[in-house]
1. Can you say whether Val461 is within 19 Å of the chain's Cα centre (by Cα), of a type outside the set (D, E, K, R) and at pLDDT below 95, as far as the supplied structure shows?
2. Kindly evaluate Leu418 against the criterion of being open to solvent by 10 Å² or more (accessible area, probe 1.4 Å), farther than 26 Å from Asp334 by Cα and in contact (Cβ under 8 Å) with a residue 40 or more places away in the chain.
3. Search segment 187-218 for residues being over 29 Å from Asp156 (Cβ atoms) and open to solvent by 40 Å² or more (accessible area, probe 1.4 Å), and hand back the single one that is modelled with the highest pLDDT.
4. Criterion first (assigned by the TED database to the domain that holds Gln362 and either basic (Lys, Arg) or surrounded by 12 or more Cβ atoms within 10 Å (Cβ to Cβ) (or both)) does Val479 satisfy it?
5. Criterion first (surrounded by fewer than 24 Cβ atoms within 10 Å (Cβ to Cβ) and touching a Pro at 6+ places or on another chain (Cβ under 6 Å)) does Lys404 satisfy it?
6. Taking segment 359-378 as the search range and keeping residues that are small (Gly, Ala, Ser) and open to solvent by less than 30 Å² (accessible area, probe 1.4 Å), which one is modelled with the highest pLDDT?
7. How about segment 326-358: which of its residues are in contact with a Ser or Thr (Cβ under 9 Å, 6 or more places away or on another chain), in a loop (DSSP other than H, G, I, E, B) and open to solvent by less than 70 Å² (accessible area, probe 1.4 Å)?
8. Checking Lys125 against (1) at pLDDT 90 or above; (2) open to solvent by 20 Å² or more (accessible area, probe 1.4 Å), only one condition comes out false. Which one?
Amino acid sequence: MAAAAAAAASSWLLRRPISCALLLKRASPSLLRTTLCYSSTATATATPPSSPSPSPHDTSAGDVAGLMRWESTRKKRVVLRIGYVGTEYRGLQKQRELSVESTIESVLESAIFKAGGILESNYGKLQKVGWERSSRTDKGVHSLATMISLKMEIPDRAWENDPDGIALASFINSNLPKNVRVFSILPAQRNFDVRRECLYREYFYLLPAEIIGIKDGCSSEEVREHLSELNSILKTFEGNHPFHNYTARAKYRKVLAGSRRRAKGRNSTLKPKSSEVGMDERSDGSTTSDHEEEDLSISSVIDSSGSEYNCMEDVPILPENRVQIQARWLHEPDESDRLNASHFRDIITCSCGELQSSSGIQFVELTICGASFMLHQIRKMVGTAVAVKRGLLPKDIIELSLAKFSRIVLPIAPSEVLLLKDNSFHTKNREGRIVRPGIDSLNKSVEVRKGVEEFYKAALVPELVKFLEPSMPPWKEWVENLDQFTGIPDSQLDEVREAYRVWKDAYDQVKMARKSGTDLLEDQS
């Protein structure tokens with residue numbers, strides 16, 4: 001009974017701002033000892049020190065008198081799951097030349113400060129030294145699952161009767177605009193690395209149904225056929241493949257010391273250490289760029305003007321009497337265009353969902369799930385799949401483009417409808433023991449997922465629908481460019497096909513020989 005009463009009291013405290021007088025009237029001393037210690041925002045709302053952190057919209061979940069603040073008792077490392085609608089931050093992002101998420105982090109830091117989670121002496125420092133994110137989506141547009149780890153001032157018994165940290169999150173949400181939401185706040189160990197311990201990331205890409213041939217007059221059977229065909233195309237991406245044709249290859253190229261000596265005339269520009277060329281060492285010995293997907297460059301993601309709708313942005317403009325090389329095969333090793341382990345990515349799921357409708361616009365949700373992604377990878381996967389579905393590229397183009405010796409120019413889809421939907425983390429050690437209890441709870445929490453779904457439907461979908469009208473930007477011009485410029489000369493494709501066939505035959509023979517040798521050794525033993 002005492003626990004239930006405490007929970008009820010705590011719930012009541014979280015629903016509205018409180019004053020000491022009101023608290024004394026509504027709760028007995030025994031209940032006060034079992035609830036968290038919070039202060040009234042009517043009398044104790046903090047004003048952030050001057051810093052570049054205002055929101056583009058000052059409309060928060062509550063008015064100034066309704067903001068909530070807790071009394072801090074200690075400092076602890078925590079992990080926050082946040083979601084945001086990024087499009088409304090474009091103006092502020094452009095003015096300050098910041099990424100969308102950096103701008104949102106400023107808003108979030110201000111809200112945490114007002115809620116009591118940051119001391120005034122530390123305000124404005126977290127973005128420089130304190131933020132750790134699960135995925136480098138700092139130039140992406142939308143998110144439902146950005147994970148941020150930081151040391152935060154917390155109240156006494158912060159997670160008592162609130163194991164998912166939803167009540168704690170509501171204090172920060174009361175200081176946030178409606179297009180940014182904290183879903184959960186959970187304790188984290190000091191050594192928890194929110195980025196490196198991420199197992200997989202799941203993205204949504206919303207695609208106008210008309211783009212793939214589903215028009216208003218289509219029957220249910222025709223709709224199923226269109227979706228089945230698209231799903232079959234998308235499934236081709238699944239597995240471990242080199243996605244070098246789906247990104248800027250040079251950003252993920254490992255620079256070897258030997259390459260410096262062999263590359264003529266380039267000794268002064270190449271650096272031997274990956275850390276010196278904007279890459280991080282990975283545990284498998286490969287490297288990964290700072291542009292972890294969908295890190296999407298500022299110009300291509302946020303600024304929808306100019307070349308953003310050029311679906312074939314990699315194609316150079318040549319004189320009319322010269323043939324553009326859009327597909328070729330590397331018959332000889334090219335030191336300036338080498339692949340390494342960083343170009344290989346695991347795609348767990350790549351599929352499309354059922355036909356959906358919102359505000360009279362029909363669309364489908366594409367789900368792309370993998371361990372990590374490269375710059376532009378998802379958008380080029382979607383652009384290529386759409387081109388195949390529309391008959392602009394042959395069906396075997398995906399298989400050819402995933403061969404490590406092929407070099408093929410592929411279309412890139414618009415960025416406005418891409419969002420980070422979910423992610424998962426390592427929570428157990430090799431013996432199967434749970435070593436990240438807070439993260440394990442977050443992965444399984446029904447209440448957290450309910451909050452995420454509510455925010456997606458209430459805040460994100462209405463915004464995304466604005467970019468799903470096929471006769472309006474970004475799709476009208478993108479489709480026109482796709483239909484006009486997407487196409488690879490048959491002679492180039494035939495050359496790549498023949499080279500791929502020869503290479504694959506040789507590869508399969510070597511693979512069979514190795515298997516036969518292994519089987520022979522097993523028989524002898």
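1. Yes: the conditions hold for Val461.
2. Details: open to solvent by 10 Å² or more (accessible area, probe 1.4 Å): no; farther than 26 Å from Asp334 by Cα: yes; in contact (Cβ under 8 Å) with a residue 40 or more places away in the chain: yes.
Judged against the criteria, Leu418 is not a match.
3. Just the residues of segment 187-218 that are over 29 Å from Asp156 (Cβ atoms), to begin with: 195-196, 198-218.
Right, trim to open to solvent by 40 Å² or more (accessible area, probe 1.4 Å) and you get 195-196, 199-200, 210, 215-217.
Working: Arg195: 78, Arg196: 78, Leu199: 85, Tyr200: 89, Glu210: 97, Lys215: 94, Asp216: 89, Gly217: 90.
Filtering segment 187-218 for residues that are over 29 Å from Asp156 (Cβ atoms) and open to solvent by 40 Å² or more (accessible area, probe 1.4 Å), the one modelled with the highest pLDDT comes out as Glu210.
4. yes
5. Numbers: surrounded by fewer than 24 Cβ atoms within 10 Å (Cβ to Cβ): yes; touching a Pro at 6+ places or on another chain (Cβ under 6 Å): yes.
Yes; evaluated as a whole, the condition is true for this residue.
6. My answer is Gly370.
7. Leu330, Asn340 - these are the residues of segment 326-358 that are in contact with a Ser or Thr (Cβ under 9 Å, 6 or more places away or on another chain), in a loop (DSSP other than H, G, I, E, B) and open to solvent by less than 70 Å² (accessible area, probe 1.4 Å).
8. Of (1) at pLDDT 90 or above; (2) open to solvent by 20 Å² or more (accessible area, probe 1.4 Å), only one is false for Lys125: (1).
The values are calculated or read from the model by the stated rules, or taken from the named source; none is laboratory data. Predicted model, so just to flag it, every value in this text is computed and none were measured. No Cβ is skipped: glycine too gets one built from the backbone with ideal geometry, and neighbour counts run over all protein chains shown. SASA here: full protein model, heavy atoms, side chains in, ligands and nucleic acids out. Shrake-Rupley method; radii C 1.70, N 1.55, O 1.52, S 1.80 Å.
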